[in-house]
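This report refers to the structure that appears directly beneath it.
What follows draws every value from the coordinates through simple rules; no lab data is involved. Keep in mind that what you see is a predicted model, and the values were worked out from it rather than measured. Virtual Cβ from ideal backbone geometry, glycine too; neighbours counted across all protein chains shown.
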Amino acid sequence: MNSIENNRKNRAPDIGGQAVLDGVMMKSPDAIAIAVRRENGDIVVKRQPYTSPSKKHAWMGKPIIRGAVNMGLMMKLGVGVLQDSADMSGALADEKPSKFEAWLSKKLGKGADKVLMGLALVLALALSLGLFVLLPNIPTKAMRAAGWSHFSVNLASGLIRTVILIGYLYLTGLVPDMRRTFQYHGSEHKTVYAHEAGLPLTPENAQKFSTLHPRCGTSFLLLTFILSILFYSVFDELVLGLTGYDMAANYFVRILSRILLLPLMAGLGYEALKALAHANNPLTRALRWPGMQLQRLTTKPPTDEMLEVAIAAMNAALEGLPEGARTKEGYTLLPKAQPKEAVAV
């Protein structure tokens, strides 16, 4: 067995996470935990078992395929944990349901929440495809008519996608509630760093680390965009060379090809992200630098109180729910930290 295989076997499993409404989700190899801070200062925690798709179906863990599977899983999981965090925070407890929600609940009963989550997922997909697939490809017809090469068209389309992504993230960060979520995103990264360093999980230790992490989904998005520019350029040339069909000449065929190849792009981006995150040399640091810098838009420095929430989620994901009181909804209620004694000067 070579040194690379030894390092892979001896490396601790990656812990992933996500910022949620007033809290953090952490995912270990066998559990998902969500911790949320309520308006009264209480931290409530929820934990549920998790089984990787690759353990159920070995083929889902194969290179490239696992990236596409992970993209679909995280989209589904992301909507679910956001709904869970809203329920845990109590933010929706006093909110009167809309007429549509009331009608849906009357018709479907307990299944209404799942339908609403499904609709939210479909709308998110539609928005993503509109912004990052349909919109960037609008100018390509004019570019091709002007005599641009396939590579030039794909490069321009990729740059447009990147500008849209940066602009979208920047504008999102101007919304106060989203900026707070980005702070929780930063707390997730700092806590993961502290865990990876083997330090006791305390706010003081976590604050020492950066809010930028090489395995972040923001870096994954940028890597996927960059790889798609190169891949689509080669793909379009191969199709033209092998069949004589000009992909760029038909807008709808071009869009369809991008949608169908999206899982492959996600797979390539995922493999690149994993490779760059687990290597540390001048080349890999240079290649992951753009994605790390883009994270400055999606992460903000957290408070110690936010780190307490991220640490609670990490501990629950790794070790299980702590002993303690339960809320009326059944969530674990963490005891409040005792105030530090004043030190005489």
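Structure notes:
- Under 5 Å between amide hydrogens, built in the peptide plane, is the criterion, and for residue 20 it picks out 25 among residues at least 5 positions away or on other chains.
- Residue 326 versus residue 174: modelled label distance in nm, points set 7 Å from Cα along the beta carbon direction: 4.7 nm
- Order by protection proxy (mean Cβ within 10 Å, highest first), peptides 49-56, 228-235: 228-235, 49-56
- Once the Cα-Cα distance is subtracted from the 0.36 nm per residue extended length, the residue 39 to residue 142 segment shows a gain of 31.8 nm.
- Between residue 155 and residue 280, full extension at 0.36 nm per residue minus the direct alpha carbon distance yields a gain of 42.1 nm.
- Taking 7 Å steps out from each Cα toward its Cβ at residue 319 and residue 251 produces label points 5.8 nm apart.
- 323, 204, 237 arranged by Cβ crowding within 10 Å, fewest neighbours leading: 323, 204, 237
- Kirkwood Rh and Cα Rg combined as Rg over Rh, evaluated for segment 201-345: 1.19
- Computed E for residue 230/residue 48 - FRET, C-beta separation, R0 30 angstrom, nearest 0.05: 0.15
- Over all pairs of different C-alpha atoms, segment 119-231 has a mean inverse distance whose reciprocal, the Kirkwood radius, equals 16.7 Å.
- Pairwise FRET efficiency - residue 59 versus residue 134, Cβ, R0 = 25 Å, nearest 0.05: 0.20
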